[in-house]
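Student: Below is a structure I'd like to ask you about.
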Amino acid sequence: MHIPDGYLSPQTALVMTAVMVPVWGVAVKKVREKLKRKDVPLLAIGAAFSFTIMMFNLPIPGGSSAHAVGAVLLAILLGPWAATLGVSVALIIQALIFGDGGILAIGANCFNIAFVMSFVGYGVYKLVRGDSDAMSARALVAGVLAGYIGLNCAAFFTAVEFGSQYNWFKAADGTPLYFMYPLKTAIAAMMSEHLILAGPVEGIVTGLGAWFVGRNYPELLPRISKAALN
């Protein structure tokens, strides 16, 4: 799902980075306000888990890739702002050191994978789980749906961003300057792979991950039910 360099125009990449700068600022503020000192190692472990699981990429047509992320699981445990920050750190390290995702595309990748996925998935989890017990079948289903929907929303935003380049930026002879396929092709390629392959994997990872934490670390359960969006 990482957008590589060359698939977004500098204008688009800079706009997405400008969008993420205040998001990172708010995330840092929220984490400082709400995250207890003893929970910092959990955030670091979550970021490391996200970093690791994202390294297993499945190339897909159109120049991107499908992979699980772990952002929604981290959002369930620590809240979506902490997840946004933790996954952003993982994405930045991947881009700067391992070349997984473009340098100029860091803002766009963080917006899609760290921000959109964390908040959408967390919202779905809270909506579906409701007031049910964290170890209930409903909570397990909520985790699976949250991971599945969160990942596919991130994939959709990714497809729209690089697919739109086909129409927005062309040479004088009509040749696309950045992305070589129209928006409908980008969306079809991205969503088919994520709806069928990566989405179910993300859902299973999220649902079973939340269940495992609830079973083995019950002291985290209050955080799962009370973490706030604001």
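The numbers here are math on the coordinates, done by the rules we state, and not lab data. Only a predicted model underlies this, so the values are computations on that prediction, with no experimental measurement involved. Neighbour counts run over all protein chains shown; Cβ positions are idealised from the backbone, glycine included.
Student: Calculate for the chain the 222 nm mean residue ellipticity that helices alone would give, adding -39,500 (n - 2.57) per DSSP H run of length 4 or more and normalising by residue count, nearest 500 deg cm²/dmol.
Tutor: The helix contribution divided over the chain gives -20000 deg cm²/dmol.
Student: Now for a separate question. With helices defined as uninterrupted DSSP H runs, which ones in the chain have an alpha carbon span along their own long axis of at least 15 Å and mean Kyte-Doolittle hydropathy of at least 1.6? Write out the running numbers ahead of the final one.
Tutor: Working: long enough: 10-34 (35 Å, 0.53); 40-54 (21 Å, 2.01); 80-93 (20 Å, 1.86); 117-129 (17 Å, 0.65); 137-163 (39 Å, 1.37); 183-193 (16 Å, 0.78); 199-216 (25 Å, 0.49).
Counting only whole DSSP H runs, the qualifying helices are 40-54, 80-93.
Student: Explain nothing, just the number: dipole magnitude of the range 1-143 about its Cα centre with +1 on each Lys and Arg Cβ and -1 on each Asp and Glu Cβ, in debye rounded to the nearest 20.
Tutor: The dipole magnitude comes to about 520 debye.
Student: Additional query: Would you please give the residues with an amide H less than 5 Å from that of Lys170, counting only those at least 5 places away or on a separate chain, with H modeled from the backbone geometry?
Tutor: Leu177
Student: To continue, here is another question. Given the convex hull of the Cα atoms of the chain, what is a quarter of its surface area in nm²?
Tutor: Computed as one quarter of the Cα hull surface, the answer is 11.8 nm².
Student: Looking at the chain as a GNM with Cα springs under 10 Å, which of Trp81, Trp168, Trp211 has the largest mean-square fluctuation?
Tutor: Trp168
Student: As an exercise, use a Förster radius of 22 Å and the Cβ-Cβ distance of Phe98 and Ala44 to find the FRET efficiency, rounded to the nearest 0.05. Don't skip to the end; give the middle numbers.
Tutor: On the way: r = 18 Å, r/R0 = 0.83.
Calculated transfer efficiency: 0.75.
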